[in-house]
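Asks: This is the structure I have questions about; it appears just below.
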Amino acid sequence: MRKTEPNIEWLTLGLILGVFVVWGVATTVLAAWSLTAALVTLALATALYSSLQHEVIHGHPTRHQWFNDALVFPALTIFVPYLRFRDDHLAHHKDETLTDPYDDPETNYLDPTVWQNQCRLAKALHDFNNRLLGRLTIGVAIGQFKFMCSDWAKARAGQSHIKAAWIAHLAGLLPIVAWFVWIAEMPVWALIAGTYAGLSIVKIRTFLEHQAHHRARARTVVIEDRGLLAFLFLNNNFHVVHHMHPRVSWHRLPALYHANKDHYLRRNEGYRFSSYAEVFRQFFWRAKDPVAHPLMQKR
C-alpha cells in the first residue's frame, strides 16, 4: 500500500469520543426518558465501541500506540479485557492458522475428537450456536465461558500477562462503577443486558467471516454491505481486504475493495455475500458449517 495513513485520523478519533458521549447519554438522559430506547442505543454504542477497539489494535487513530490504547481502555464492553482482545486478535491475524481450533483464538470450530467427546447438552448448545439465531442469543455467553475458562487455565499455568490483563480490566471498570453509583439513571441489569446485546450484534460480523478451506487465502469473506451494520463494524465486512492490509483504516476499505474487486475475489476464491440481509436469509435458522473442523482428522 503506497498511500500512508495521516498522523492523526480525525474521523476515527471523533468516533471514539462520540461513542463515549452516546454511551453517557444512553445511561443518563435517555434512560430516564425511555429505558427501551436507552437499551437500543447502548447496544449500538457497545457494538461500535468494540469495532473501534479493533481499529486501535491495528494502529489507529494516531501513530502512538500507547495513546491509542488509552483511548479505548475504559471497559465499556464490560466482559472482555481490551488487552486480552488485543493479544488474541493479533494472534488471529496469522492467516496460515485461520480456523485452526488450537492456533486461532477467534475460531468457532472444534477439534473433531473434542467434539465427539462432548456431552449431549454441550453438542446441542454448540449446534444451535452455529446458526445465526443461536449466535445472536447464546453466542456471547458461550464465547465468554470458553474464553474465561481458557484464560483461567493459562493464568494457573503461570502466564502472568493474563493475570495482568484481567487486573487492568478490573481497574478499567472502576470508572463505570463510579458512573453508575453517582450519575447513571440506568439500572445495572440494563447495563449488562445492553452490553450483551451490543456484543451479540458483533457476532453477526464474526459469524461467517472465516471458513475452513485448504487454502489459507480462501478462508476470509467479503460481505458487500454498506448499511448500518457495515458502519457499526467499521467496514470490517470487507474482511479479506482487512486481512491483506491490516494497517489500512476502516473508511478506506470499501473503495480499496471496489477498485480491485476481481483481485480480492480471486484471492478468496469467491467467498462473498452481497449483504447481511443475504446472510440472514440463508443462515438465520440453519448452520453454515459443522462444529467439528471439517478438514481435521480425529485423533
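Asks: Within the range 60-69, count every residue that is under 18 Å from the mean Cα position of the chain (by Cα) and open to solvent by 10 Å² or more (accessible area, probe 1.4 Å).
Replies: Residues in the range 60-69 being under 18 Å from the mean Cα position of the chain (by Cα) and open to solvent by 10 Å² or more (accessible area, probe 1.4 Å): 1 in total.
Asks: Sticking with this one: Looking only at the range 270-289, count every residue that is open to solvent by less than 70 Å² (accessible area, probe 1.4 Å) and either of a type in the set (Lys, Arg) or closer than 23 Å to CYS119 by Cβ (or both) and tell me the total. Quick ask: steps written out before the conclusion?
Replies: The first filter runs over the range 270-289 and keeps only residues open to solvent by less than 70 Å² (accessible area, probe 1.4 Å), leaving 270-271, 273-280, 282-284, 287-289.
Narrowing the set further to residues that are either of a type in the set (Lys, Arg) or closer than 23 Å to CYS119 by Cβ (or both) leaves 287-289.
Count: 3.
Asks: Another question, then. With (1) modelled with pLDDT of 95 or more; (2) over 21 Å from the mean Cα position of the chain (by Cα); (3) hydroxyl-bearing (Ser, Thr, Tyr) as the list, and THR99 as the residue in question, which single condition is left unmet?
Replies: (2)
Asks: Quick test of your reading of the structure: ILE78 fulfils all but one of (1) assigned to a loop (DSSP other than H, G, I, E, B); (2) surrounded by 19 or more Cβ atoms within 10 Å (Cβ to Cβ). Name the failing condition by number.
Replies: Of the numbered conditions (1) assigned to a loop (DSSP other than H, G, I, E, B); (2) surrounded by 19 or more Cβ atoms within 10 Å (Cβ to Cβ), the odd one out for ILE78 is (2).
Asks: Across the range 11-32, what is the total count of residues that are more than 23 Å from the chain's Cα centre (by Cα) and either modelled with pLDDT under 95 or not in a loop (DSSP other than H, G, I, E, B) (or both)?
Replies: Filtering the range 11-32 for residues more than 23 Å from the chain's Cα centre (by Cα) gives 25, 28-32.
Next, only the ones that are either modelled with pLDDT under 95 or not in a loop (DSSP other than H, G, I, E, B) (or both) stay: 25, 29-32.
Matching residues across the range 11-32 total 5.
Asks: Hey, another quick one. Restricting to the range 223-265, give me the number of residues that are in a loop (DSSP other than H, G, I, E, B), open to solvent by 40 Å² or more (accessible area, probe 1.4 Å) and of a type in the set (Asp, Glu).
Replies: Selection size over the range 223-265: 0.
Asks: In addition: Determine, yes or no, whether ALA277 is within 14 Å of ARG226 (Cβ to Cβ) and of a type outside the set (Phe, Trp, Tyr). Before you say what the answer is, go through the steps one by one.
Replies: Values: within 14 Å of ARG226 (Cβ to Cβ): yes; of a type outside the set (Phe, Trp, Tyr): yes.
Here the answer is yes, as ALA277 does meet what is asked.
The values are calculated or read from the model by the stated rules, or taken from the named source; none is laboratory data. Please read all numbers here as calculations on a predicted model, not as lab measurements. In this analysis, Cβ positions are derived from the backbone assuming ideal geometry, glycine residues included, and neighbour counts consider all displayed protein chains. Protein only, heavy atoms only, side chains kept; ligands, DNA and RNA dropped before computing areas. Shrake-Rupley method; radii C 1.70, N 1.55, O 1.52, S 1.80 Å.
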